[in-house]
Amino acid sequence: MMEKAVYLHTAKRHTLSVNILILINLNIMTLDQQQQVIRLKDALATPGRIVITNHQGPDGDAMGALTALYQFLRKKGYEVAMITPNDYPEFLHWLPCTDETINFMRQKELATATIEKADYIFHLDYSQIKRSADMIRLLSESKAVRILIDHHPEPSLSADYLFSDTNASSTCELLFDMLKIWDAALIDRDIASCLYTGIMTDTGCFSFRSATSYTFTTVSELLAYGIDRDAIYDQVYDNFSAQRMRLMGYCLNNKMEVFPEYHTAIISLNLEEQRRYDFVTGDSEGFVNLPLSVNGVRFTAFFLEKEDKIKISFRSKGSFSVNNFARKHFKGGGHLNASGGEIRISLDETVKKFRELLPLYKNELHAP
């Protein structure tokens, strides 16, 4: 029988002494957490088929963790498969082993058969089963041993092993700690490059408040593997089409709305506008952050029309919780300053609803 789920949440994660840091080789997971990783390692000593999943619309952290763990487990000799719920951005296709990823949306039969045969399932970078999109039923009904590794608050996904640390800058940062305990000798340049990509993208190139002193310690360790951080940055941030750049200009010039009285700005993009600029998955990555450069803006939202819903990204500065805002009004969630949501009404109705909500948060949006 599997042991009771292990919830690793550490409020004191970044307060260990220098002596302890040296003792545990720059891994600031607690000794209890390290023991739990070893228990997982022992559980996986039993041969079985492993499936690694991440959330719908996988970003750099989700894909970095997916490919890093895949390579690590392959080197351990396991039978492993990677499954994403849908497409991921073109600028992440350079990551090692992405050509071995199964896309559930495009390879449903293969993905279904793979999940049904799984003995172990890893859930990376998502803490709610709904983030797995069309894989929800299969994952929920699976009898496989579940392992969740994530850094988002309030995990609700049922798992046999639940590694959750909201103090981690990213799932990749948490995963690196775990892999060092599991078998540090197997971490190589490719695995380190994947982990670095996840940390870099989820911290906004280390500009978000989620990037802590330990994040930079982690990065220094990853650099020691000989990764090319300049090449990684180039692949992720300087690898867009000319149409995508024109789309960005269009959004800033024609679609950005600023509400000075609420320190808020929004951008919306409908389906016709997406077709006009040959939109592909990932083209709008980072657009939600652009209005934060406007003087006085502390809260931004980006609305992207899909065939069956409106996908929304939220960002904020300071104390305003976009996590709470998304959870309360748009069936979403995330972090204090970065979250997302969705709604199944028209784009115009969605933007109208958002505007009508702003007066309710006027006092919070004026707070520093």
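In debye, nearest 20, what is the charge dipole magnitude of segment 239-335 about its Cα centre with +1 on Lys and Arg Cβ and -1 on Asp and Glu Cβ, if you could check?
Details: 14 positive and 10 negative charges, 67 e Å.
For segment 239-335, the charge dipole is close to 320 debye.
Pop out the ³J(HN,Hα) list for segment 204-219 in order, Karplus 6.51 cos²θ - 1.76 cosθ + 1.60 with θ = phi - 60°, rounded to Hz; leave Gly and Pro as x.
Taking θ as phi minus 60°, the curve returns x, 6, 6, 9, 7, 5, 5, 7, 9, 4, 5, 4, 6, 5, 4, 4 Hz for segment 204-219.
Hey, what D do you get for segment 85-183 in µm²/s if you plug the Kirkwood alpha-carbon radius into Stokes-Einstein at 37 °C and 0.692 mPa s?
Numbers: Rh = 14.7 Å.
The diffusion coefficient I find is 224 µm²/s.
Output the peptides 156-163, 255-262 sorted from most to least packed, where packing is the average of other Cβ atoms within 10 Å over each peptide's residues.
Values: 156-163: 19.1, 255-262: 15.0.
Top to bottom by mean Cβ count within 10 Å: 156-163, 255-262.
What three numbers, in Å, describe the spread of the alpha carbons of segment 18-236 along their principal axes, ordered from the longest?
Principal-axis extents of segment 18-236 (Cα, largest first): 48, 38, 33 Å.
State whether segment 268-346 is rounded, prolate or oblate according to the following rule on the C-alpha gyration tensor (a ≥ b ≥ c being the square roots of its eigenvalues): a/c under 1.5 gives rounded; otherwise a/b larger than b/c gives prolate, and the remaining case gives oblate. Write out the running numbers ahead of the final one.
Details: a/c = 2.49, a/b = 1.38, b/c = 1.81.
Oblate.
Considering only N337, N295, N239, give the residue with the highest GNM mean-square fluctuation for the chain, with springs between Cα atoms whenever their separation is below 10 Å.
Comparing N337, N295, N239 in the GNM, the peak value goes to N295.
For Y233 and S156 in the same chain, what is the full-extension length gain: residue separation times 0.36 nm, less their Cα-Cα distance, in nm?
Details: separation 77, 0.36 × 77 = 27.72 nm, distance 3.34 nm.
Full-extension gain reported as 24.4 nm.
Would you work out the relative contact order for the chain, in percent, from Cα pairs under 8 angstrom that are 6 or more residues apart? List each step's numbers first, then the result.
Values: 646 pairs, mean separation 49.0, N = 368.
About 13 percent, as a whole number.
Can you tell me the length gained on complete extension of the stretch K117 to V258, counting 0.36 nm per residue apart and subtracting the Cα distance? Don't skip to the answer; put the middle values down first.
Working: separation 141, 0.36 × 141 = 50.76 nm, distance 5.08 nm.
Result: 45.7 nm gained on full extension.
Taking Cα pairs under 8 Å and at least six residues apart, what relative contact order does segment 242-366 come out at, in percent? Don't skip to the answer; put the middle values down first.
Numbers: 216 pairs, mean separation 25.2, N = 125.
Computed value for segment 242-366: 20 percent relative contact order.
Suppose each label sits 7 Å from its Cα in the direction of the beta carbon; what would the Q35-L360 distance come out to in nanometres?
According to this spin-label approximation, the distance is 4.6 nm.
Using modelled backbone amide H atoms (1.01 Å from N, in-plane), which distant-in-sequence or interchain residues come within less than 5 Å of R298's amide H?
Sorted by chain and number, the residues that satisfy this are T264.
Any chance you could tell me what percent of the C-alpha pair distances in the chain go past 31 Å? Please list the in-between numbers first.
On the way: 23358 of 67528 pairs.
Here the long-distance tail beyond 31 Å is 35 percent of all Cα pairs in the chain.
At a Cα cut-off below 17 Å, give the aspartates and glutamates reachable from K108, other chains included and same-chain residues fewer than 8 away excluded.
D87, D99, E100, E116, D134, E141
Among S132, M29, V258, whose Cα lies farthest out toward the positive end of the dipole of the chain, if unit charges sit on the beta carbon of Lys, Arg (+1) and Asp, Glu (-1)?
Farthest towards the positive end: V258.
Could you give the length gained on full extension between D308 and K76, defined as 0.36 nm per residue of separation minus the Cα-Cα distance, in nm? If you can, show how the numbers build up before the last one.
Details: separation 232, 0.36 × 232 = 83.52 nm, distance 4.15 nm.
Extending this stretch completely gives an extra 79.4 nm.
Can you flag which of K117/K180; K317/K352; K75/K143; K41/K143 are past 27 Å Cα-Cα?
Numbers: K117/K180 29 Å; K317/K352 23 Å; K75/K143 25 Å; K41/K143 19 Å.
Exceeds cut-off: K117/K180.
Nearest 20 debye, what's the magnitude of the dipole of the chain about its Cα centre given +1 on Lys and Arg Cβ and -1 on Asp and Glu Cβ? Can you show the working numbers first?
On the way: 40 positive and 46 negative charges, 176 e Å.
My answer is approximately 840 debye.
How would you order 57-64, 112-119 from highest to lowest mean count of nearby Cβ atoms within 10 Å? Don't jump to the answer; show the numbers that get you there.
Values: 57-64: 26.0, 112-119: 17.4.
Put in order of decreasing packing, that is 57-64, 112-119.
So how tilted is helix 189-202 from the main axis of the chain? Cα-based, degrees 0 to 90, rounded to 10.
Between helix and principal axis, roughly 30 degrees.
For the pair D42 and N324, how long in nm is the line joining their label points, each one 7 Å along Cα→Cβ?
That separation, rounded to one decimal, is 4.2 nm.
Take every DSSP beta bridge with both residues inside segment 256-368 and express the antiparallel ones as a percent of the total, to the nearest 5. List each step's numbers first, then the result.
On the way: 18 of 24 bridges.
Approximately 75 percent, going by the DSSP bridge assignments.
Considering only DSSP beta bridges where both residues belong to the chain, give the percentage that are antiparallel (nearest 5).
Numbers: 18 of 46 bridges.
Counting DSSP beta bridges with both partners in the chain, the antiparallel share is about 40 percent.
Tell me the label-point distance for the pair N86, M105, using the 7 Å Cα-to-Cβ offset, in nm and rounded to one decimal.
0.4
Name the residues of segment 338-368 whose amide N is less than 16 Å from a point 7 angstrom out from the Cα of R276 along the C-beta direction?
From segment 338-368, the list is 348.
Could you pull out every residue, at least 5 positions away or on a different chain, whose amide H is within less than 5 Å of the one on N54? Hs are placed 1.01 Å off N in the peptide plane, and Pro or chain starts have none.
Long-range HN contacts for N54: I83, L124.
Identify all lysines with a Cα-Cα distance to K353 below 20 Å; exclude those on the same chain that are fewer than 8 residues away in sequence.
Output for K353: K255, K306, K309, K311, K328, K331, K362.
Throughout, read-outs are computed from the coordinates displayed, never taken from laboratory work. The shown structure was predicted, so the numbers you read here are calculated from the model rather than taken from an experiment. We place every Cβ from the backbone using ideal geometry, glycine too, and count neighbours over all the protein chains shown.
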